[in-house]
Amino acid sequence: MSEINLHILFWLILGLFTLGSVVMATATLFNVVRLRNVRLSWKAGKVWGYPLFSTLFVCSTLIVAGIALYYGSVEEIIAAGLYGWMGGCWFFTSFVATKRYITDHGIVKNVNEPMQTIAWHQIRDFVEKEKENHIHYIFIYSGDIYDSTSKLIRLELQVPLRKKEAFRNLISHKLGRRIRCYIKDDDDINVEQFE
């Protein structure tokens, strides 16, 4: 009797987690659709721009699904299918949430947490350093949108080299009135303005 209850409990939990992952993926999709005036975006995961754990989960699920298909057990095929669906939703949610979105309003760190959007007027200063395959930006911004005396927070952003010019143009446009560091028609920082 207890073995049947555990079996039912297993399928119930698997079904609930699969349903939860679908809800989370749908909510993430709505959050992306709600973003207005996206100027730039790029993937920012750990594995060639893809999220690490969800990618590993999907790959291992595909291997298990292949084994289940080979042996032909219907119950394992259904379980592998549910795990695959859950893994696909997790991958989609992680991929979209880790993408960097640069909008007219500011920098979106995580599309699922609106409080992690840094408005352009919050940014007090920034530094850029060109690396081998990206440009590393460090933005210093105030934590409270409406209080310029609140504590300062650091945001690190890795911009791909292919987005370099577009990102610099956007920074010049959005921060140029308050922070003037670029020399027109040049890629260098104007060091003389700090002396």
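The values are calculated or read from the model by the stated rules, or taken from the named source; none is laboratory data. As the structure is a computational prediction, the values presented were derived from the model and not from experiment. Ligands, DNA and RNA are excluded from the accessible area calculation, which covers all protein heavy atoms including side chains. Shrake-Rupley method; radii C 1.70, N 1.55, O 1.52, S 1.80 Å.
Listing for the model above:
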| quantity | calculated |
| --- | --- |
| Kyte-Doolittle at least 0.5, axis length at least 30 Å by Cα - qualifying DSSP helices, the chain | 2-34, 74-98 |
| Computed over the chain: relative contact order in percent, which uses C-alpha pairs under 8 Å that are six or more apart | 16 percent |
| Residues with amide H under 5 Å from that of GLY45, placed H, sequence gap 5 or more | TYR50 |
| Accessible-area ranking of ARG154, ARG36, largest first, probe 1.4 Å | ARG36, ARG154 |
| Exposure of TRP42 as accessible area (Å², to 10), given a probe of 1.4 Å and all protein chains | 10 Å² |
| Calculated [θ] (222 nm, deg cm²/dmol) that DSSP helices of n ≥ 4 give over the chain, each run adding -39,500 (n - 2.57) | -16000 deg cm²/dmol |
| Per-residue SASA entry for GLU165, accessible area with 1.4 Å probe, Å² rounded to 10 | 90 Å² |
| Ranking by accessible area, most exposed first, for HIS173, HIS7 with a 1.4 Å probe | HIS173, HIS7 |
| Two-decimal Rg to Rh for the chain - Kirkwood Rh, Cα set | 1.14 |
| Phi to ³J(HN,Hα) by Karplus 6.51 cos²θ - 1.76 cosθ + 1.60 over the range 128-135, Hz, x for Gly, Pro | 10, 9, 7, 9, 5, 10, 7, 10 |
| Residue order for ASP144, ASP104 - accessible surface, 1.4 angstrom probe, largest first | ASP144, ASP104 |
| Nearest-10 value in Å² for the accessible area of LEU161, using the 1.4 Å probe | 70 Å² |
| Total lysine pairs under 19 Å (Cα atoms) in the range 9-133, excluding pairs fewer than 8 apart on one chain | 7 |
| Gyration tensor (alpha-carbon) shape descriptor, the range 45-117, a/c threshold 1.5 | prolate |
| Under-5 Å amide H pairs with LEU40, H placed in peptide plane, nonlocal only | ILE102 |
| Overall form of the range 5-89 per C-alpha gyration tensor (a/c, 1.5; a/b vs b/c) | oblate |
